[in-house]
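The values are calculated or read from the model by the stated rules, or taken from the named source; none is laboratory data. The shown structure was predicted, so the numbers you read here are calculated from the model rather than taken from an experiment. Note that we place each Cβ from the backbone using ideal geometry, even for glycine, and neighbour counts take in every protein chain shown.
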Amino acid sequence: MRFLLSSAVVGLLAVSTGALTTSSRAAAPAAGYEEVKDWPKLSSGVQLGEVAGVDVDAQGHVFVFHRPGRGFEPSATEVLEDPAVLEIDAETGKLIASWGAKTFLVPHGITVDDQNNIWLTDVGLQQVLKYSHDGRRLMTLGQPRVGGWDATHFNQPTDIAIRKDGSFYVSDGYVNSRVALFDRNGVFLREWGKKGSGDAQFSNPHGLAFAPDGDVLVADRENSRIQVFDRQGAFKRQWLGARDTGRVFAVAVDAGGALYVGVRRADYDPPTNGVLKLDRDWKTVASIGFGAAGDPVFNAVHDIAVGRDGSIYVAETRTKRVVKLRPR
């Protein structure tokens, strides 16, 4: 769960400003995780499309936001016929519920808040959407199918992070390269960021999470880094992966304060994908995937979520799957 953070580990980001570097991939410790085979166990009538987003609710149920019958097509005009939101039992892998048929164009980000509401971004609809746990729409932000850069428009928004007071941040995204902050009622408060590679600049802010001290973590995808900001958007520091880490697609934080980073390196043959687990000093303590013997083989890591029991859920697009990893 991207919003469940322990106040006991507020020292996670007590490091000097500037770039922080992980150890190289080859030197990373053994993963300490294993893939749960044959998970999920969906009924024969349910087929996963590209899995764009994943998160875990307060009961430990896994929510998946996928693109049934469609790839990444921001210019799509026909809504998806099948339900795009799936609720899955974490233990059995069986489908609990599904909703969102004939509603979405290009599903992307999903976040479950501490009230068990479901927040979604759709890069085709150009909107941020809040739903109840059972799929009733509660809030809509952005003009349908109209991109823009102001208080009432997005341009291919990617993710959402919600604070306990109900205020929330939107990474916006493929085109606008900004982060926008709203109050609990959806009133625009401020924004920061623009296209670039400097401090507080982005090249596709693709994922969001909160550090234990409340700082905002932004997965700056094409700049291959995580940028750290205070609650109001002031730049504090950044994490740069090792030379061969690759693009940063997703970031998640578990209840103990550890960070999980989903990365892709497309220029390897074959391309390498995986998850890095970082400790409180931002050092790599586990490396999952990346072609290591015995590890899961990832092809298109797109999002990550962490359950209360330490299980990791990895959403993949090209392979159209969600992978469950559990501690050995």
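A compact table of results
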| read-out | value |
| --- | --- |
| In the stretch 55-82, the residues that are closer than 20 Å to residue 39 by Cβ and more than 20 Å from the chain's Cα centre (by Cα) | none |
| Filtered residue count, the stretch 189-206, keeping only those that are out of contact with any helix residue (DSSP H, G or I) (no Cβ under 8 Å at 6 or more places or on another chain) and buried (at least 22 other Cβ atoms within 10 Å of the Cβ) | 1 |
| Those residues of the stretch 284-328 which are part of a strand (DSSP E or B) and hydroxyl-bearing (Ser, Thr, Tyr), in sequence order | 284, 287, 313 |
| Test: residue in the stretch 160-175 that is closer than 24 Å to residue 276 by Cα, among the polar types (S, T, N, Q) and under 16 Å from the mean Cα position of the chain (by Cα) | yes |
| Of all residues in the stretch 301-328 being farther than 12 Å from residue 90 by Cα and among the charged types (D, E, K, R), the one that is surrounded by the most Cβ atoms within 10 Å (Cβ to Cβ) | 303 |
| Which listed residue, of 228, 248, 263, is in contact with a helix residue (DSSP H, G or I) (Cβ under 8 Å, 6 or more places away or on another chain) and under 23 Å from residue 107 (Cα atoms) | 248 |
| Some residue of the stretch 182-197 being part of a loop (DSSP other than H, G, I, E, B) and either in contact (Cβ under 8 Å) with a residue 60 or more places away in the chain or among the aromatic types (Phe, Trp, Tyr) (or both) | no |
| Number of the exception - residue 10 against (1) of a type in the set (A, V, I, L, M, F, W, C); (2) farther than 22 Å from residue 132 by Cα; (3) at pLDDT 50 or above | (3) |
| Options 237, 265, 221, 280; residue that is of a type in the set (Lys, Arg), in contact with a His (Cβ under 7 Å, 6 or more places away or on another chain) and more than 22 Å from residue 93 (Cβ to Cβ) | 221 |
| Hits in the stretch 97-111 - residues which are surrounded by 14 or more Cβ atoms within 10 Å (Cβ to Cβ) and either assigned to a loop (DSSP other than H, G, I, E, B) or out of contact with any Lys or Arg (no Cβ under 8 Å at 6 or more places or on another chain) (or both) | 97, 98, 99, 100, 101, 103, 104, 105, 106, 108, 109, 110 |
| Boolean, residue 280 is more than 21 Å from residue 298 (Cα to Cα), charged (D, E, K, R), part of a loop (DSSP other than H, G, I, E, B) and at pLDDT 95 or above | no |
| Cβ-Cβ under 9 Å pairs, at least 6 apart or on other chains, the stretch 131-147 side in contact (Cβ under 8 Å) with a residue 40 or more places away in the chain and at positive phi, far side in a loop (DSSP other than H, G, I, E, B) and surrounded by fewer than 13 Cβ atoms within 10 Å (Cβ to Cβ) | 145/77 |
| Selection within the stretch 35-89 - among the small types (Gly, Ala, Ser) and in contact (Cβ under 8 Å) with a residue 12 or more places away in the chain | 43, 49, 52, 53, 58, 60, 69, 71, 75, 76, 84 |
| Residues satisfying the stated conditions in the stretch 210-224, i.e. within 21 Å of residue 175 (Cα to Cα) and in contact (Cβ under 8 Å) with a residue 40 or more places away in the chain | 216, 217, 218, 219 |
| Subset of the stretch 141-154 (residues that are exposed (fewer than 14 other Cβ atoms within 10 Å of the Cβ) and either within 21 Å of residue 118 (Cβ to Cβ) or touching a His at 6+ places or on another chain (Cβ under 9 Å) (or both)) | 144, 146 |
| Top-ranked residue in the stretch 53-95 [being touching a Gly at 6+ places or on another chain (Cβ under 9 Å) and on the phi > 0 side of the Ramachandran plot; ranked as surrounded by the most Cβ atoms within 10 Å (Cβ to Cβ)] | 60 |
| Residues satisfying the stated conditions in the stretch 283-299, i.e. hydrophobic (A, V, I, L, M, F, W, C) and either modelled with pLDDT of 90 or more or buried (at least 20 other Cβ atoms within 10 Å of the Cβ) (or both) | 285, 286, 288, 290, 298 |
| Some residue of the stretch 210-218 being in contact with a Ser or Thr (Cβ under 7 Å, 6 or more places away or on another chain) and more than 21 Å from residue 52 (Cβ to Cβ) | yes |
